[in-house]
Amino acid sequence: MNAAQLTAWLTRFAELVHAQRDELTALDSAIGDADHGSNMDRGMTEVVAALAEAPPDDAAALLKRTGTTLVSKVGGASGPLYGTLFLRMAGAIGDGFAPALRAGFEGVLARGKAEPGDKTMVDALGPACDVLDAGGSLAEAAQAAADGRDATVPLVARKGRASYLGERSAGHQDPGATSTALLLQAAAETLGGVQGQGEEATP
């Protein structure tokens, strides 16, 4: 996994977030602060600009810069959580994409204190990690993340601002899980030749 591959991934993620910014904000307006789309769009625009201005030499440096940029530029919970995801990935990317994503997931769990079923980004990220850990493809991981996103609709939020709504949070798709599904979609589209354990697939 090299810096060029990861740059393509993050650039595609930024494009998907920008295209769905209004949808992410609409989802967040129902159960949150109505700023997830704008915050993520601003943050990923800053990430792409930072990577273009001074391209990092290696994958770890790229992920670290992505994480620090998001922490400093994105408000609300999204900046710290996504920032932690990428910072933890930076420390494990040498072992491959799957171990790095798992490390990022563990960082999100520790930072956000959320568990599966709490109606957060964890519900999309966890299933994707499970697929990759089992040697599945990024396409399969992206589908697992999308399924996890959809499964947040009937849940009652137990973490974040949505938890203040109690039972009224049920019936709404979680915006964090939605943006996380986009992250995995971008990975499947740009890193599709990379298998779960970070090995190149044969054409």
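The values are calculated or read from the model by the stated rules, or taken from the named source; none is laboratory data. Keep in mind the model is a prediction, meaning the values are calculated, not measured. Reconstructed Cβ throughout: ideal geometry from the backbone, glycine too, with neighbour counts over all protein chains shown.
Condition check ((1) closer than 17 Å to GLN185 by Cβ; (2) among the hydrophobic types (A, V, I, L, M, F, W, C)) across all residues:
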position: GLU23; (1), (2): yes, no
position: ALA54; (1), (2): no, yes
position: GLY83; (1), (2): no, no
position: CYS129; (1), (2): yes, yes
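Which condition number does GLU53 fail, the rest of (1) crowded, with 18+ Cβ neighbours inside 10 Å; (2) over 17 Å from TRP9 (Cβ atoms); (3) without any contact (Cβ under 8 Å) to a residue 60 or more places away in the chain being met?
Failing condition for GLU53: (1).
Is it fair to say MET89 is touching a Gly at 6+ places or on another chain (Cβ under 7 Å), of a type outside the set (Ser, Thr, Tyr) and outside any helix (DSSP H, G or I)? Don't jump to the end; show me each part of the working.
Details: touching a Gly at 6+ places or on another chain (Cβ under 7 Å): yes; of a type outside the set (Ser, Thr, Tyr): yes; outside any helix (DSSP H, G or I): no.
In short, no.
Provide a single number: the residues in the range 107-125 that are touching a Lys or Arg at 6+ places or on another chain (Cβ under 7 Å) and closer than 16 Å to GLY91 by Cβ.
Looking only at that region, the number is 1.
Which residue is nearest to LEU62 (Cα to Cα), if the candidates are limited to the range 92-123 and must be among the acidic types (Asp, Glu) and either at pLDDT 95 or above or not in a loop (DSSP other than H, G, I, E, B) (or both)?
Out of the qualifying residues, it is ASP95.
Answer yes if at least one residue in the range 77-94 is over 15 Å from the mean Cα position of the chain (by Cα), of a type outside the set (Phe, Trp, Tyr), over 18 Å from LEU109 (Cβ atoms) and crowded, with 19+ Cβ neighbours inside 10 Å, and no otherwise.
Checked the range 77-94: at least one residue is over 15 Å from the mean Cα position of the chain (by Cα), of a type outside the set (Phe, Trp, Tyr), over 18 Å from LEU109 (Cβ atoms) and crowded, with 19+ Cβ neighbours inside 10 Å.
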